[in-house]
Every structure is written in structure tokens, then in C-alpha cells.
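Structure first, commentary second.
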Amino acid sequence: MSEEKAKTQGAVQTTGHAWDGDLQEFNNPLPAWWLWAFYGTVLFAVVYWIFYPAWPVGTGYTTGVMNDVTFVDSDGKKMTTHWNTRALLLKEMQEGEEAQLTRKYLDRIDKAGFAEILGDAELMAFTRSYAKGVFGDNCAPCHGAGGTGVIGLFPNLADDDWLWGGTPQDIHQTITHGRYGFMPAFGEALSDQQIDDVADYVLSLSGHDVDGAAAARGQQVFQTEVGGCYYCHTHAATGLKSQGSANLTDRIWTIADVPGARTAEARHAAVRRVIEKGVQRRMPAWSDRLDPAQIKLLTVYVHELGGGQ
């Protein structure tokens, strides 16, 4: 059958190639819809290259035209740059609907007192949501995501035991200006026997079984000028908020890992180590890194972690 006759009768055209005598390659044209779709993608690509960043050029790239994005940088300066996802994100975070709603709540928080915030369910819901992120970014690296801290390093914020006071005002002061926890080392001021005796006495204050005679001797060191421990911990051994000194009569330990000790000897060694080596730890001030509204939100959040006072 001739090629012309095949066309007339509607038969499928071939490319003229044949193998093994009767194996032929058909010449089927692409569907029109597919061709138009392909042409459309080419046109879209050309338009995209014109309007958006696309092609590398030397050490830079084409930035596109008519797509400037304006936002405020970290220094508070208004900046205009070409279209890019980072600039769009910053703009959305500053001008989007959620950003405007967040600013509205932050303004209310900034103007409200602690009692008003704690008594307002709507403000508390915002505080828990927003401050959780602020806490995670700034406080969790030391105190942990749940605020449980690390014995010997960072205080537990979730146990309602507050070295520097647990009222909103106290916590606000702590976050704003930081704290410096200090206990002198008694390794040279006291003998080994005296340190062992004081360790027994301190353990006895929270109900641990110790050598009674040693605890009695340790009490004399603790409560007199020999050791002078009562200066900071008081004669009742309940601590002083003004000094950040620990209450030794409860079972809450922030430096000596008594809860983690499995034997009486290990508990004694943990307390003895603190008396001998002393304590030096510092919490930084956050007033130069967080704005007043963020500090207030963190204050309420931390207050709620430990039940508050």
C-alpha cells in the first residue's frame, strides 16, 4: 500500500523504518493538549526568569524585577530587598495577621500587672503559648524543656522551691538582673573531721539516718563561729532568700545529688563535696537580650511551672 493511499484510508503513518521485514516504527503525533501544556511551561519559565531570582551570574544571580520586599531587620531598620523566601517570612512575621494579633496581646501584657495576667484566662492562654517558645529558645538549654534543671548546675524551676523567692516580683528580678550563687569552700577552713561532721548534721536536718554523735559535733560547727554556716542558712537551716541560700530542712537538693545516691556513704560524700569545694554559679541577666514584655511573660510562665508563691 502506498504512503498516499495509507493517508487516504486513515491508516497510521510510519517513519519508513522497518526491521525483520514487517516490524515498522509508527509516526504518531503528540496530542495537541500535551503540546500546548509543554509550550505553556516554557512560557511560564521565561516569565519566572524575568520576575524572580533565577540564573547565576558571576558571583551573584539575577534578582528579577518588580518584586521588592520591605521588612524591618533585627536592628529596627527598614530594609527593601529583592524577592526571596527569607524576606517574605520576615515580612509575614512582622505584618501578617498572626503577627498583628501577637503584638496586640504583647501590648496588653506590657500594660498589665502580674495579678491581672494571672487572673485573666485569655492572657494566660497566650502566655503559656508564647512564653513556651521564649523559654525554649533562651532558658531550656540550662534548665531543660520542662524546667527541671540539672542537680549541681541549674536549679529545678518546677518544684516550688525558690532560692531567690517565688513571687512574680522575685522571679522578674531574677530574670531581669540575673543571680550569683556563692558558697565559700571550707576545705581549708575546717578539718576533714569537721567537714564530715557537718555533712552528717546537714543530712540529719532532712531526716536521713546518720551517726548521732557526728551530727551533734557538726551542729556545733554549723551553729557557731567555727563554721558560721548559720550566717546564710540561718539557725533554723531554712535558708535566706536575700542570699539565695538553700533550705537544708527539706528533701530538695540543688547542688549535692543526694536523691541520686544509692547508699548512705554516697549521700554523705555528695554533701561533703559541696562543703569542701563550695559553690559558684551564675545566671546571666536577660534585660539586654529580651524586651520587657518577654521578660514579663517568662516571669509568669516560670511562676506557673513551679506553682508559684
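Put simply, the C-alpha atoms of region 163-309 give a gyration tensor, and the ellipsoid matching it has half-axes of 33, 16, 13 Å, longest first. Say we join alpha carbon atoms closer than 10 Å with springs in a Gaussian network model of the chain; which of Leu203, Leu43, Leu157 then has the biggest fluctuation? Top of the fluctuation ranking is Leu43. Is the C-alpha gyration tensor of region 30-118 telling us rounded, prolate or oblate? Criteria: a/c under 1.5 is rounded; beyond that, a/b larger than b/c is prolate, otherwise oblate. Since a/c reaches 1.5 but b/c is at least a/b, the shape of region 30-118 is classed as oblate.
Scanning residues 5 or more positions from Gly278 or on other chains, those with amide H under 5 Å from its amide H are Phe186, with H placed 1.01 Å from N in the peptide plane. Placing R0 at 25 angstrom, the Cβ-Cβ distance between Thr63 and Lys91 gives a FRET efficiency of 0.90 after rounding to 0.05. The value of relative contact order for the chain, using C-alpha pairs under 8 Å at least six residues apart, is 17 percent.
Other residues lying with their Cβ under 12 Å from the Cβ of Ala213 contribute a combined charge of -3, Lys and Arg counting +1, Asp and Glu -1.
Checking the a/c ratio against 1.5 first, then a/b against b/c, what shape does the Cα gyration tensor give for the chain? Verdict is prolate for the chain. Summing Lys, Arg as +1 and Asp, Glu as -1, what charge do residues with Cβ under 14 Å from the Cβ of Leu123 carry, Leu123 excluded? Charge balance in the 14 Å sphere: -1.
Net charge of the neighbourhood of Leu305, taken over other residues with C-beta under 11 Å away and scored Lys/Arg +1, Asp/Glu -1, is -1. Spatial offset of region 104-162 relative to region 17-53 amounts to 60 Å, using the alpha carbon center of each. In the chain, helical runs assigned H by DSSP with n ≥ 4 each contribute -39500 (n - 2.57); averaged across all residues and rounded to the nearest 500, the mean residue ellipticity at 222 nm is -14500 deg cm²/dmol.
Bear in mind that the values in this text are calculations on the coordinates, not laboratory data. Please read all numbers here as calculations on a predicted model, not as lab measurements. Note that we place each Cβ from the backbone using ideal geometry, even for glycine, and neighbour counts take in every protein chain shown.
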